[in-house]
Structures are given as structure tokens and as C-alpha cells.
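Taken together, the values in this text are just the output of simple stated rules run on the coordinates, not laboratory data. Remember, predicted model here, so these are calculated numbers, not experimental data. Please note: Cβ atoms are built from the backbone with ideal geometry, for glycine as well, and neighbour counts cover all protein chains shown.
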Amino acid sequence: MCLAIPARVVLMNENQMAEVDIHGVTRTVSLSLTPDAETGSWVLIHAGFAIQVVDEEFAKESWELIKQIEWVDGDPAEVSA
């Protein structure tokens with residue numbers, strides 16, 4: 001099963017890389033597949049790439065669904081991106 005994790009872009013770099021916040025966990029990801037992403041955007045992250053820009057409501061709804069998955073126990077920040 002593939003899973004994309006919602007994250008918020010907090011810092012963009014010149015080389016199409018960005019720092020994203022995933023419920024308090026910061027990761028560096030590529031924005032090469034989402035050229036319309038900007039600081040503050042919500043994106044779906046999969047395998048180190050932002051694969052889609054989404055709105056905040058979609059991101060929150062996605063986290064609620066992710067928390068319902070049986071193997072996710074506790075805080076969503078504990079899920080590795």
C-alpha cells in the first residue's frame with residue numbers, strides 16, 4: 001500500500017527542495033513535481049516528493065483518516081514520512 005502524507009511547506013530552497021512540517025516533524029522534500037507549491041501550501045508527500053498541492057481542509061481530513069488505520073497508534077507526528 002502506498003500512502004501520501006499531508007504536510008505544510010515552511011521553507012523553499014532554490015533547487016526545488018523545501019522544508020515541510022508534518023505535525024511538528026520537519027523533513028526535506030522535492031517540489032519538482034509540484035511547481036505551483038509555495039510557502040504555506042499544503043502538499044501530499046510520498047517517497048520524498050511533494051506529489052500534489054491540496055487545501056488545508058483536505059489535509060486535515062486526510063490526517064483523520066490516517067489516524068484510523070490500525071497500525072497508527074498515538075500521535076500522527078510519530079508516523080515517518
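Things to note:
- Flag if SER32 is among the hydroxyl-bearing types (Ser, Thr, Tyr) and touching a Phe, Trp or Tyr at 6+ places or on another chain (Cβ under 8 Å): yes
- Every condition in (1) within 25 Å of GLU64 (Cβ to Cβ); (2) over 11 Å from the mean Cα position of the chain (by Cα) holds for THR26 except the one numbered (2).
- On inspection, ALA18 passes the criterion of being more than 9 Å from the chain's Cα centre (by Cα) and either surrounded by 16 or more Cβ atoms within 10 Å (Cβ to Cβ) or among the aromatic types (Phe, Trp, Tyr) (or both).
- Of the residues making up segment 32-73, those that are surrounded by 14 or more Cβ atoms within 10 Å (Cβ to Cβ), assigned to a loop (DSSP other than H, G, I, E, B) and under 13 Å from the mean Cα position of the chain (by Cα) are THR34, ALA37, SER41.
- Residues being free of Cβ contacts under 8 Å to residues at least 24 places away in the same chain and either within 12 Å of the chain's Cα centre (by Cα) or over 20 Å from ILE69 (Cα atoms) (or both) - total across segment 1-15: 3
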